[in-house]
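These notes are about the structure you will find just below.
Laboratory data are not the source of any read-out in this text; all were calculated from the coordinates shown. If you're wondering where the values come from, they're calculated on a predicted model, not measured in any experiment. We place every Cβ from the backbone using ideal geometry, glycine too, and count neighbours over all the protein chains shown.
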Amino acid sequence: MTPLPSVTLIATGGTIAGAAASDTDTTTYTAGALPVATLLEAVPQLASIATLQVEQPFSIDSKDADERCWLTLRRRAAEALARQETDGLVILHGTDTLEETAYFLARTLDPCGKAVVLTGAMRPATALSADGPMNLLDAVSVAADPGACGKGVLVCFDRKLYDARSLRKRHTSALDAFDGGECGPCGHLAPLRFERCSEPARPLAAVPDDASGLPRVEVLYVAAGSRPDLLTCAIQAGARGLVLALPGNGSLPDVWHPAVRAATASGVPVVRASRCASGRVSPHPVDARTGTRPCGACSPAAARIDLMLELLAASGPSASGQTP
Ligand code: ASP
């Protein structure tokens, strides 16, 4: 008999491991309350799809995830992928900051030609209609499928597949909470099919071993009437780069021009992103006037990670402990 594929499952908490006091409560539960063993018990079908190696480095609500979590996860993922016997990797993660973790991994993790799939859930494991079990089963099925190899970091959710580089959380509570921005899904389940090839990946960025080595970059949301002293405060607090989530096509209000110009002239890069849920931010003459640059198709959260990695690279190979 052909042996089943070997899939490493890294659980990190989230709603998929959430527990509430009642089976109809889908909003005031505790995320990351249940151990991964309990989640696996709910999906006995996994036993016929893959042999699982399970790890749980931490169990949190992903609203509390930070750069330390990204680096821990990246290290554990890299170790699992480097093992010859590993065919694929699944990461269970809270949905609130799933797009950031997925994007960070897409920029820094070498999948070694193997499948890497993130998933989570919108309803806690204790809900009558929990979506976690199906998402888990689907994610493991994708990770065990040779067709997922070489596709980069994927996110499997509500029977759809997304490229981690274009993922956005679009809804606060719907089961299909994600979309792929301009790109849409890159595949579907039932049956599994991969539909769209993404652009070639950028070279992998090096990262430090310690989160303190990642430069601080903040995202500022610019509403009608928001004051530019926010930007000055962020720099005074230690931000080395800023992403502005601006109205429309990254439109920088006139009142912000002097503060932005001063920031960029002092060597603090400022990226124009958009508050809109999809669409690119295009180059504009304001960039020449203020020293800004557009983020292209990135969400503000992804643009922040890009800028952190860029500043890190610019700090040179002396940044200790970097691994590609
Ligand atoms: N707050 C939860 C988390 O991100 C939400 C979820 O998983 O859907 O962990």
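Quick notes
- Looking at the chain, the DSSP beta bridges with both ends there are about 30 percent antiparallel.
- Stretch gain in nm, segment Ser282-His188, where the contour uses 0.36 nm per residue and the Cα spacing is subtracted: 30.8 nm
- Backbone N within the stretch 94-118 under 20 Å of label point (7 Å from Thr27 Cα along the Cβ vector): 95-97
- Here Cys149 and Asp210 are evaluated by their C-beta separation; at R0 = 30 Å the FRET efficiency comes out at 0.45.
- The GluC sites (Glu not before Pro) found in the stretch 150-231 that occupy coil by DSSP, while having at most 12 further C-beta atoms within 10 Å, are Glu195.
- Remark: spin-label model distance Glu195-Leu4 equals 2.9 nm, labels positioned 7 Å along the Cα→Cβ axis.
- Value of relative contact order over the stretch 167-306, rounded to a whole percent, pairs C-alpha under 8 Å and six or more apart: 19
- Potential extension, Ser266-Thr172 segment - 0.36 nm per residue separation minus Cα distance: 30.0 nm
- Gain upon complete extension [Cys233, Glu310; 0.36 nm per residue less C-alpha separation]: 25.5 nm
- Normalised by the number of residues in the stretch 57-188, the average gap of Cα pairs under 8 Å and 6 or more apart makes the relative contact order 21 percent.
- FRET efficiency estimate (nearest 0.05) - Cβ-Cβ, Leu128 to Asp66, R0 35 angstrom: 0.60
- Rounded to 5, percent antiparallel among DSSP beta bridges of the stretch 20-164: 35
- For the chain, the direction-averaged projected area of the alpha-carbon convex hull comes to 17.1 nm².
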